[in-house]
Amino acid sequence: MTIRRLPDTLVSQIAAGEVIERPAAAVKELVENSLDAGARRIDVRLEGGGQRAIVVADDGSGMSPADLLLAVERHATSKLPGDDLVHIATLGFRGEALPSIGAVSRMTIASRPKGAADAWSVEVDAGRVSAPVPAALPVGTRIEVRDLFYPVPARLKFLKQERTEAGHVVDAVRRLAMVADHVAFTVDDAGRNVLNMPVVLGDVADRRLERLGRVLGREFPDNALKIEAERDGVRLTGYIGLPTLHRPSAASQYLFVNGRPVRDRLLLGAVRGAYQDLVARDRHPVLALYLDLPAELVDVNVHPAKAEVRFRDSGLVRGLIVGALRHALAGAGHRAASTVGTAALGVARANLPPPQFTLRAAPSPYRLAEAAAFQAPPPGFAAPAQAGYAVLEAPAARIAEAESDSIASPLGAARAQLHGTYVVAETGDGIVIVDQHAAHERLVFERIKNQLAANGIARQLLLVPEVVELGTLEAERILARVEELGELGLLVEPFGPGAVVVREVPALLGKTDVPALVRDLADDFGTLDAAQSLKDRLSEVCATMACHSSVRAGRQLTGTEMNALLREMEATPHSGQCGHGRPTYVELKLADIERLFGRR
Ligand code: ADP
Ligand code: MG
């Protein structure tokens, strides 16, 4: 065995892999540098999803020729003047980004500092730095990165399709734009503008909310609550969406610590805690939260891409977030009213001997999957926020006409619909409570599967085609799957930049909120790999579709409709659980109910 020192170039290339794992990581570092340099306008251009070329141009402070040479040296930075790793006020600080990018690409940096008459540029090719030469440039910096990863072909293999990589770039720039709302951003991909964030006039709060609307959707500003809280020097600001504004993934939860975008588990967990029992477990609220705290209370130097942070007092941070969010949500009026009920039930329960709710698997084929996972109170006893509406707006219950013969059926005879959400049925020896939304979701899924297997999905022509405004990227995600969506019964066409028009929908959805459906699908597709087919993810697509179809929670059903729902469930395989694995119904045996009342 011989131990040898690796050549410097190899060391840099290995180190580069930790910081720069894809084009978006390079763009993030370059844009952060521009922000640190005080830029007011930052333009990003991509070719080949960023792999062939990335250009980042800014109007920041610029660099002298001597600085240019230092900037591409490892561990050279202008940002730690006192060698103080604690009080870090800039986004960068390690002096690693430029040398790392230069080690794995052909990079040209042209720059002209304020007050200088000329610009200079240097080139770095796979780590080899050339002498500065004069260049032409207004004040600021322009960095061009070509052929990213060409010296490390192994890494090229891990890159996804160009469109996917461009999507990650837009995502990274968006995150920074949500903090730096005094800076104008653009991103062009293959000559097309895919992100445009101008600086709007107005006071600071307006500017922030306007920018958030551009990222989180036009409906966000109208459905957002302002957060402003402080405890022991830790400040929390931002906007959070009402519980009713939810998405299928947590991708629309944006968190920032001292101006730095993070995806931190502690913070995400605190958000989940704050919205607990307000949104369904598989839905996620939309929000942007900014945490600002003294540098000595947080360590940002724990993660190579600086995405995670460590707090000195994580309990304080969690408490601040949960408290501030709960307070704001409670202040939103009746929309959060059910939290009170849930809390009260919890208290009442604490004073009782533990009730023995058990889920019974109905006779095949109505088997409840993973019944054991749901020993907790069934859905009917921890009503979601939406039920709060039904209490106020709908008659409390309707008695269904008795259908005596159906009492003998496994799911019994429908007796009432409560809160516009739960169908209560009487069986021979107990009560069945059906979550009509979850049940319908499963039925739609099975019907779509059957129709697909048979002769294709029946479509229903919309009398008035629906134009749906989406972001450029979201529209593209939808349009990339036009053919597949057509097979599933949704006829979509392009409609100018960032918009689509929907002409036909699957007939079995009934009356549908088409724009909301398309937006949710675009969100779903954001988490899909481009190569994954919708049929492979049919249950998720169906769940999203069913969420927007007519028999969702909140709709009043007649007795006949209720009984029809129960009978269809009995006839449909897997109908005991929805597409997300939640039960669609709960059965309480009389014996269980008697135990609850201490009769046994
Ligand atoms: P860091 O940002 O951690 O200091 P980088 O490798 O990203 O390390 O950058 C090295 C140095 O180059 C920075 O400290 C800064 O002085 C200079 N620099 C980089 N990008 C720019 C830019 N766009 N405008 C002005 N100076 C820059
Ligand atoms: Mg940097």
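Where a number appears in this text, it was derived from the coordinates with a stated rule and is not lab data. This structure is a prediction, so every number in the text was calculated from the model and none was measured. Glycine gets a Cβ as well: all are built from the backbone with ideal geometry, and neighbour counts include every protein chain shown.
For Arg40, the shell of other residues with beta-carbons less than 12 Å away shows a net charge of -3, using +1 for Lys and Arg and -1 for Asp and Glu. Computed from the C-alpha gyration tensor, the three semi-axes of the ellipsoid equivalent to segment 177-262 are 23, 17, 14 Å, from longest to shortest. With a ≥ b ≥ c taken as the square roots of the eigenvalues of the C-alpha gyration tensor of segment 122-231, please select rounded if a/c is under 1.5 and otherwise prolate if a/b is larger than b/c or oblate if it is not? Prolate, because a/c is 1.5 or more and a/b exceeds b/c. Each residue, Ala117 and Asp299, gets one label point 7 Å from its Cα in the Cβ direction; the gap between the two is 5.1 nm. Taking a ≥ b ≥ c as the square roots of the eigenvalues of the alpha carbon gyration tensor, segment 31-179 is rounded, as a/c is under 1.5. Taking the alpha carbon gyration tensor of segment 1-71, multiplying each eigenvalue by 5 and rooting it gives semi-axes of 29, 18, 10 Å, largest first. Annotation: peptides 586-598, 106-118, ranked by per-residue average of other Cβ atoms within 10 Å with the highest first, follow the order 106-118, 586-598. P(r) for segment 156-206, from all Cα pairs and a bin width of 5 Å, is 5, 18, 25, 18, 15, 10, 6, 2, 2, 0 %, short bins first.
Listed by chain and number, the lysines whose C-alpha is less than 27 Å from the C-alpha of Lys157, apart from same-chain residues fewer than 8 away, are Lys28, Lys306, Lys535.
Fully extending the segment from Ala571 to Arg235 would add 115.4 nm, taking 0.36 nm per residue of separation and subtracting the current Cα-Cα distance. A crude spin-label estimate for the pair Asn450 and Asp513, with each label 7 Å from Cα along the Cβ direction, gives 2.8 nm. Annotation: for a label point projected 7 angstrom from Cα along Cα→Cβ of Glu469, residues of segment 502-522 with backbone N closer than 17 Å are 502, 514-520.
Here is the size of segment 93-133 from its Cα atoms: Rg then Dmax, 11.5, 33 Å. Could you tell me which of rounded, prolate or oblate describes segment 31-72, using a ≥ b ≥ c as the square roots of the eigenvalues of the alpha-carbon gyration tensor, with rounded for a/c under 1.5 and, failing that, prolate when a/b is larger than b/c and oblate otherwise? Cα axes put segment 31-72 in the oblate bin.
Remark: the Arg4-His75 segment gains 23.2 nm on full extension, using 0.36 nm per residue and subtracting the alpha carbon distance. Rg/Rh for segment 129-187 stands at 1.06; both radii use Cα atoms, and Rh follows the Kirkwood definition.
Summary of packing: across the peptides 153-164, 280-291, the per-residue average of other C-beta atoms within 10 Å ranks them, highest first, as 280-291, 153-164. FRET efficiency for the pair Val200 and Glu493, taken as 1/(1 + (r/R0)^6) with r the Cβ-Cβ distance and R0 = 41 Å, rounds to 0.85. Between Ala480 and Lys157, the contour length at 0.36 nm per residue exceeds the alpha carbon distance by 114.0 nm. Neighbours of Val139, meaning other residues whose beta-carbon lies under 9 angstrom from its beta-carbon, give a summed charge of +1 when Lys and Arg score +1 and Asp and Glu score -1. Sorting the segments 175-188, 464-477 by their mean number of nearby beta carbons within 10 angstrom, highest to lowest, gives 175-188, 464-477. The string of couplings for segment 30-35 from the Karplus curve (6.51, -1.76, 1.60, θ = phi - 60°) is 5, 5, 4, 4, 4, 5 Hz, one whole number per residue in order, with x for Gly and Pro.
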